[in-house]
1. Inside region A:88-101, can you point out the residues that are crowded, with 22+ Cβ neighbours inside 10 Å, touching a Pro at 6+ places or on another chain (Cβ under 6 Å) and not aromatic (Phe, Trp, Tyr)?
2. Testing A:Glu14 on (1) touching a Ser or Thr at 6+ places or on another chain (Cβ under 6 Å); (2) within 14 Å of chain B (Cβ to nearest Cβ); (3) of a type in the set (Asp, Glu), one condition comes back false. Which one is that?
3. Kindly list the number of the only condition in (1) surrounded by 15 or more Cβ atoms within 10 Å (Cβ to Cβ); (2) within 24 Å of B:Lys207 (Cα to Cα) that fails for B:Ser59.
4. Scan region A:210-235 residue by residue and report those that are among the charged types (D, E, K, R), surrounded by 15 or more Cβ atoms within 10 Å (Cβ to Cβ) and within 18 Å of A:Asn183 (Cβ to Cβ).
5. Hey, can you tell me all the residues within region A:193-225 that are more than 18 Å from the chain's Cα centre (by Cα), of a type in the set (Asp, Glu) and not in a loop (DSSP other than H, G, I, E, B)?
6. Does region A:16-36 hold any residues that are in contact (Cβ under 8 Å) with a residue 40 or more places away in the chain and either of a type in the set (Asp, Glu) or outside any helix (DSSP H, G or I) (or both), and which are they?
7. Given the conditions (1) more than 14 Å from chain A (Cβ to nearest Cβ); (2) surrounded by 14 or more Cβ atoms within 10 Å (Cβ to Cβ); (3) touching a strand residue (DSSP E or B) at 6+ places or on another chain (Cβ under 9 Å), which single one is not true for B:Leu21?
8. Give me a count of the residues in region B:37-64 that are touching a residue at least 60 places away in the same chain (Cβ under 8 Å) and either within 14 Å of another protein chain (Cβ to nearest Cβ) or not in a strand (DSSP E or B) (or both).
2 protein chains.
Amino acid sequence: MRLLLFSNSTNAGEEYLAYTLPYIEDFLRDTGKEALFIPYAGISVGYERYSRMVASQLSSIGINLTSIHQAGNKAKAIKNASVIIIGGGNTFYLLNLLQNEKLMEPIRKEVLEGKAFIGWSAGSNMACPTICTTNDMPIVEPLSFQSLGFLPFQINPHYTDFVQQGHAGETRDMRLREYILANPGTYVVGLREGSLLQVEGNQLMLKGNKPCKIFRHMQDAFEISPGGDLNFLMG
Amino acid sequence: MRLLLFSNSTNAGEEYLAYTLPYIEDFLRDTGKEALFIPYAGISVGYERYSRMVASQLSSIGINLTSIHQAGNKAKAIKNASVIIIGGGNTFYLLNLLQNEKLMEPIRKEVLEGKAFIGWSAGSNMACPTICTTNDMPIVEPLSFQSLGFLPFQINPHYTDFVQQGHAGETRDMRLREYILANPGTYVVGLREGSLLQVEGNQLMLKGNKPCKIFRHMQDAFEISPGGDLNFLMG
């Protein structure tokens, strides 16, 4: 299995997708450059504008991107692409469309058979067993919370320790502690902005310049830095 | 219908439930003081501790509180109480339990027939048609997103304009704009901390010391101050 899963598309103050490009270029070095983009999380942006934005950035590293919303036969487009890319936006909206268009199994099959997969934000939530650790608002009700399930653990994208002063709403850590209480068997990786997970076969690596934070029931949350051993998560 | 719906339980720096007490006392002036508390959102706190915390605070204004988790016959407890109170925590966890224990219809029936209802945070989400404007993490999958539906509009509790510097994750306004795009027929009330909605019959009032912010598809978001006319939301 070959996965590249970013916390976020764009670091604050940087150009769109800028920090992701060197990683994507390296990840696809020995792979075809025909990418299929799934813009379904982009409810605010619109599929057309979203796919053009991404195509424009990725063309700078030699990737030829087409978007699934323009494909006549979507299952065939998934089969023919050399890499599948799912962008961020609203996770519930994305999952609901993938389920309703019956695209979950075709994508799952290709990726489990070795096709490269890239996601960021909501796209990274898709690689997990469920969408239960998304930060997004549940603006539509998907058929189920089951996601593509490439990984046996959950990712929390845009992970932040930040506590808003004078605000009584839950912090991210409180939310993730609720998740592990309700789901005691599952690890969660809090993936900070500017960082990413890469999977090559059974090897899991953290890249970027920040540690990730690991949450599990009955354990103190702990941090692992890029280069540290994360393979216990794949067990 | 008689509803008292708070954005949050506790303002930062204040004692637990402190700002809510004068409103609750006033709301229940001509009502029985036998309250049934539903602590199901309190996954982190635990039902026992949660209900004791709330009982202790409400006893200071003469309310006698029992918790549904200790009731032998839950439907009967709902029927016999003079007021039903649903506390905050995780909205998905709360809704999932209410659905699985088949308590949605009994609560709905009592409140539609005139029984007083008080909620805060996740408890206020319960008064809306769906839980689609909760801020909570979807840590468990409820049977559906349908909520108690006392109101024809959505509430976003803990509403804040705050933008975290240097963070690329969605702001609250971005999330709510996604909601109204996907649900163009529905109003959302962004209810700031320290404020509340009160319903008496068909009259809807905003109380507290902050304006609320109204979101609807194809309209600019706008603010309404306490005392302003909100009855268009009930239409």
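1. Residue satisfying the conditions is A:Leu95 alone.
2. Among (1) touching a Ser or Thr at 6+ places or on another chain (Cβ under 6 Å); (2) within 14 Å of chain B (Cβ to nearest Cβ); (3) of a type in the set (Asp, Glu), the lone unmet condition for A:Glu14 is (1).
3. (1)
4. Those that are among the charged types (D, E, K, R), surrounded by 15 or more Cβ atoms within 10 Å (Cβ to Cβ) and within 18 Å of A:Asn183 (Cβ to Cβ): A:Lys213, A:Arg216.
5. A:Glu223
6. Scanning region A:16-36 gives A:Tyr16, A:Leu17, A:Leu28, A:Thr31, A:Gly32, A:Lys33, A:Glu34, A:Ala35, A:Leu36.
7. In the conditions (1) more than 14 Å from chain A (Cβ to nearest Cβ); (2) surrounded by 14 or more Cβ atoms within 10 Å (Cβ to Cβ); (3) touching a strand residue (DSSP E or B) at 6+ places or on another chain (Cβ under 9 Å), B:Leu21 misses (3) alone.
8. Summing the residues that are touching a residue at least 60 places away in the same chain (Cβ under 8 Å) and either within 14 Å of another protein chain (Cβ to nearest Cβ) or not in a strand (DSSP E or B) (or both) in region B:37-64 gives 2.
The values are calculated or read from the model by the stated rules, or taken from the named source; none is laboratory data. Quick caveat, the model's predicted, so the values are computed rather than measured. Reconstructed Cβ throughout: ideal geometry from the backbone, glycine too, with neighbour counts over all protein chains shown.
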